[in-house]
Amino acid sequence: MGVEGRVPVGLWSELGPGARWANEGVSRVVGFLIEGAAAGRKYTFHILVPHGMGETVREDLRQLSAVEDRDWVVWEPPAPAHGEALSELADFANRNVPVEAWIVTFPHFSGSLHLTKPKATLYPDALPYDFPLGWNEENAWGPDGSWPKWRRTATNVMAETAVVITFSRHVAERHAGPLCDVPLKKVRVIPLAPPDLAPLLPFVTNRQQTAESRSRAADILRKYATEQSLDYLRGFPFEEVNFVAAATQDRPTKNLGLTAEAVRRVVRERRGNLKLFMTAHLHVGATWTKLPEIVRRGQFHHDLISLPDLPRDVHAALFHCATVVVHSSFFEGIVGSLPFYEAASVGTPSLLARGPHIDELLETEPTIEPFVYDPYDIDRLADLIVDVASNRETYVKAQAEVFGRLVQRSWSEVATEYAQAALSGVVARSAC
């Protein structure tokens, strides 16, 4: 299944039925790459997934500004592999998927070792080696624990790949070489382009929030709440209420407890009129995250609202309606943060916790310094939230200028660089 004039490039995934796909970091990057391919018209991405996962992926990708069977194709075997026989998945791919080369979307996907075409491997990060606690797994660090096993597998996969791709220099230098013995000459740092949510909200003009655009975005949110039987939000006045949005999963590196505590202090101690909407699941009773206890102890249930697994347009509507987007993460594998770019694309300011991802962005965009806070400083974040609520347009204008510069790098360029990284193995093989 090929498209005339397009070079077919494979995207290898071992995520099976029941695994999260929509709204996950690398899965979202896959979507951005596909939209880049659609704009550039040079490549078609062929996504290979295990049996039973195909429709989940198709359902998500059909929300993109891209055309199925032209810009992207999903492949899955007609029957599940026997047990853990990932080699069967590779055999299916080798026989049926007409690609020139592959991009392996995670370095621990060991089935890719059986692919016969050249490969590039994506190395997003190795966060547990910087943040070893709180991953909610028993014996994760023993000799046969999940993370030492991950490291051994990733090292083997990347040893057999032509190119290793990272999103940032800090991951290349901090994780790829020291942890997995990847020679730096083998690494290609390919920073992402800023995601642009504006096409999902055609009523937004010039990336500006207006009374009308906020009302229409609020209608999208209320419609979604009605469809999902979220009684509290069926008639919620999203366009009239000041609220913070935080879009990420609750993981040890995401520091959502800081965001929640900062908003709690604004509401309870400073008597601020504010809500907090998170796209994270609320893991009631969990001890590896501070978030559920902050909600329980402070009776914060209707001031902090969980809206997980939002469709792309609803996610965009939430960001557009928000007073401010807050991202308290200690560490991201990219340069900057996706919520910062997404918020700016629909006219909403952001506040960002300092970490290596922000430090790398500051090297080229020192103007974002006023929007950055120490990820341990709750009161500083609370102060900034209050200031944004009072001076929102000042923040919007300043961050729009930053976004205007960063958006000059397009997803078409990124898709081309990814494809070329994979295809470089074809050139190297033909030269041998």
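The values are calculated or read from the model by the stated rules, or taken from the named source; none is laboratory data. Fair warning: this is a prediction, and the values are worked out from it, not measured in the lab. All Cβ positions, glycine included, derive from the backbone under ideal geometry; neighbour counts span all protein chains shown.
A single entry from Ala81, Ala120 fulfils the requirement of being outside any helix (DSSP H, G or I), more than 30 Å from Trp288 (Cα to Cα) and in contact with a strand residue (DSSP E or B) (Cβ under 8 Å, 6 or more places away or on another chain): Ala120. Among the residues of region 267-319, those identified as without any contact (Cβ under 8 Å) to a residue 24 or more places away in the chain and among the β-branched types (Val, Ile, Thr) are Val284, Thr287.
Listed by position, the helices (runs of 4 or more DSSP H) enclosed by region 252-366 that each have at least 1 residues that are outside the structural domain of Thr56 (by TED's automatic domain parsing) and modelled with pLDDT of 95 or more are 256-268, 312-321, 338-345, 356-362. For region 214-233, a residue qualifies if it is closer than 16 Å to Ile305 by Cα and part of a helix (DSSP H, G or I), and the qualifying residues are Ala218, Leu221, Arg222, Tyr224, Ala225, Thr226, Asp231, Tyr232, Leu233.
Just so you know, in region 1-22 the residues that are aliphatic (A, V, I, L, M) and without any contact (Cβ under 8 Å) to a residue 60 or more places away in the chain include one that is surrounded by the fewest Cβ atoms within 10 Å (Cβ to Cβ), and it is Ala19.
Scanning region 374-396 for residues that are acidic (Asp, Glu) and either touching a Lys or Arg at 6+ places or on another chain (Cβ under 7 Å) or outside any loop (DSSP other than H, G, I, E, B) (or both) yields Asp374, Asp379, Asp383, Asp387, Glu393. Anything in region 341-377 that is surrounded by fewer than 24 Cβ atoms within 10 Å (Cβ to Cβ), over 20 Å from Ala198 (Cα atoms), within 20 Å of the chain's Cα centre (by Cα) and touching a residue at least 60 places away in the same chain (Cβ under 8 Å)? List them, or say none. Matches in region 341-377: Pro356, Asp359, Glu360, Pro375. Could we say that Phe236 is in contact with a Ser or Thr (Cβ under 9 Å, 6 or more places away or on another chain), in a loop (DSSP other than H, G, I, E, B) and either in the same structural domain as Ala389 (by TED's automatic domain parsing) or not acidic (Asp, Glu) (or both) here? Answer is no for this residue.
Within region 110-131, the residues that satisfy the criterion of being buried (at least 24 other Cβ atoms within 10 Å of the Cβ) and of a type in the set (Gly, Ala, Ser) are Ser112, Ala120.
For region 145-196, taking the residues that are in contact (Cβ under 8 Å) with a residue 60 or more places away in the chain and among the small types (Gly, Ala, Ser), the one that is surrounded by the most Cβ atoms within 10 Å (Cβ to Cβ) is identified as Ser168.
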